Every structure is written in C-alpha cells, then in structure tokens.
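The values are calculated or read from the model by the stated rules, or taken from the named source; none is laboratory data. What you are looking at is a predicted structure, and each value in this text was computed from that prediction instead of being measured. Here Cβ is always computed from backbone atoms with ideal geometry, including for glycine, and neighbour counts include all displayed protein chains.
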Amino acid sequence: MAKISKRSNRSLRKIIIIISILFFISITINIIIYLKTNSYKNNYNNMIEQLNSITSSKEEKEKEYQKVSERLDLVNNIDERTNEVKKDFFTKAKQLEDKIIAGESNEKIVYITFDDGPYYLTYQFLEILDEYDVFATFFTIGDNKDVCYDNRSEDCSGMYALEASKGHTMANHTYSHGIWKGLYDSPESFMYQVKLQENLIKDRTGIKTNIVRFPGGAATAGGYKNRIIELLRENGYGWINWTASIGDGGNLRDHNVGWSNFVNNISANIEVLLQHDYNRVTLRILPDEIKYLKEHGYHIFPLFYESNMVNK
Ligand SMILES: [Zn+2]
C-alpha cells in the first residue's frame, strides 16, 4: 500500500507540474494575444483617426477652394465689368472727339501721358491722379526697371501692375528706349523692342498693349518710319506723338519754367500732353495742371486705340 501510495503521490505531483506548466503556457499565450490584440486595436484606432483627419481636412480644403474660387469669380467679373465700362467710356469719348473735330462741340479733351517710366516717383504721381480722380496714360519701358532710375535702391517692377490696377492706359514705349543703342538700326530691331515690352506688360498686368510712342517721336525713326508704321499696323498697333509738352524730358528743375511751358502749350480743343513721371517739377505742378485743365473746360481722359489722336 505504501508503495502504491508513493507512486500515486509521484504521479499526482507530475500531473500538478504538467497542469501548472500548461496553466502558465496558457496565461502567457493569453497575455501575448491580449497584447497583440491591443496593439492591433491601437493601430486600427490610429488609422481611423488619421482617416478622419484626412477626410475632414479634405472637406476643409474643398470649402477653402470653394471660397477662393467664388472670390476669383468675383474678381473675374469685376474685370469683365471694368472692361465693359471702359469700352462704353471709350465709345463715348470717341463720339465726343468726332464732334469736337467736326466743330459740332465746344467741349475739350486732354490726354495726359507719362513716358519712360515706371520710376520710384511714379507712386506719388499715381496718388495725385487718384486724389483728383483722373486717368492718364503710361508709355512704359522695361529695360533696367527692376531698379528705379531715380532711386536705384528701390524696385520698380511692381509699378506696372499698380498703374494698370488703377485703370490707367498701359502703352508701349519699347523695352530698351535705346535711341542711340540700336533701336532704330532697322524696322525689325524697333519691332523687336516693341514685342519685348508688349510681353513684359502682358506678364506684369495681363494687358496687351496696342498704342506705341516712338522714343524721341516718330521722326526719330528717319527713313524707317513708314516701314515701322506698316509693321505696327500689321501687329495691331496704333502710334501717337504729342501736341503739348512741358519740356520735362531733360533737366527741367524750375517749376516756374515748367508751369509757363504748360500754360503756353495748352490751347487746342484736343491736346496730348507729354510728361515724364520722374521729374520732381512735374510732380509738383501736376495738381495745379489738373485744376487748370478742369477750370478751362478740359475733360481729362486716358488714351484708347480708337481715338482720333492715335494714328493707325
Ligand atoms: Zn521716351
């Protein structure tokens, strides 16, 4: 009996050991399963969160995009509306010009034009034009305009867009203005500089120019003048000189001289006034010029292709 009991004791211990081992194995497996499941769960939750955030940010982006495109539509419509208003305005201005030229109207028109810019001072010219609610025409060039001639530490490249955004007429005075530097070497060299400036203005403002002023005036082109005019016409351009000037293209420093030049030059019923937006004398007398012109019955208009003053 003692033997049997010893054996059964041993078997019992074995069984207990085996059961214990199995128990530990099972616990370990469970723990592993639990941990694994948990990490899967965490991963899964993270993925859901990420997905949610992606979806919501996509929705936000779509909303933003919607807002932006609505604003863009508004801007495009404003452009369209502005163009319509301009077209309407130019049609009426042309009708008025026709009547004045035919002697059927005593009204008067002046086109104020600024050549060779933009310059650093152009900002102040624009402010005065704004203040008096006047639109002008800028015959711009492009060479070296990333620095302003009259303040070389400044950048003039943004000025084209500013002039255009205020509704002034953007016109073409060639890119280089290089009267002594090959501009008038041939009709083609002239047209090349016109195209360069056309592209620059198009890039900066979205506007395609269609009025040219020859640097120095059309006579400066000498024997090439007629061929250049032909090429301009083929490229959709009209050209214009000026009928009045205050002589500010060179070294005009005395505002009294500038003022008397101005007063002595303004007399016709339709005037095209040549000035330069770098000259401080011009800047100083511009408000008085505008007042004088208005007091003397002049309508101050921006130039347009259809105008009788633009040669085609
Ligand atoms: Zn010029």
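Kindly indicate the residue of region 242-283 that is within 16 Å of the ligand (Cβ to nearest atom) and loosely packed, with under 15 Cβ neighbours inside 10 Å and also farthest from D115 (Cα to Cα) among those meeting that condition.
Taking the candidates together, the pick is N251.
How many residues, within region 194-213, are of a type outside the set (G, A, S) and either surrounded by fewer than 20 Cβ atoms within 10 Å (Cβ to Cβ) or touching a Ser or Thr at 6+ places or on another chain (Cβ under 6 Å) (or both)?
The qualifying residues number 12.
Just wondering, is there one or more residues in region 279-302 that are part of a loop (DSSP other than H, G, I, E, B), aromatic (F, W, Y) and either touching a Gly at 6+ places or on another chain (Cβ under 8 Å) or in the same structural domain as N210 (by TED's automatic domain parsing) (or both)?
no
Considering only region 133-143, state which residues are touching a helix residue (DSSP H, G or I) at 6+ places or on another chain (Cβ under 9 Å) and assigned to a loop (DSSP other than H, G, I, E, B).
V134, F135, A136, I141, G142, D143
Quick check on my filter: what residues within region 22-38 are modelled with pLDDT of 70 or more and of a type in the set (S, T, N, Q)?
S26, T28, N30, N38
Among Y298, Y292, Y278, which is the only one that is over 29 Å from the mean Cα position of the chain (by Cα) and within 21 Å of L252 (Cα to Cα)?
Exactly one residue qualifies, and that residue is Y292.
Looking only at region 167-178, filter to residues that are farther than 12 Å from G117 by Cβ and modelled with pLDDT of 95 or more; which one of those is farthest from the ligand (Cβ to nearest atom)?
This residue is T169.
Which ones in region 132-147 are of a type outside the set (F, W, Y) and more than 16 Å from the ligand (Cβ to nearest atom)?
Once the filter is applied, which keeps residues that are of a type outside the set (F, W, Y) and more than 16 Å from the ligand (Cβ to nearest atom), region 132-147 yields D133, V134, D146, V147.
Residue check: is S153 among the hydroxyl-bearing types (S, T, Y) and more than 22 Å from I270 (Cα to Cα)?
yes
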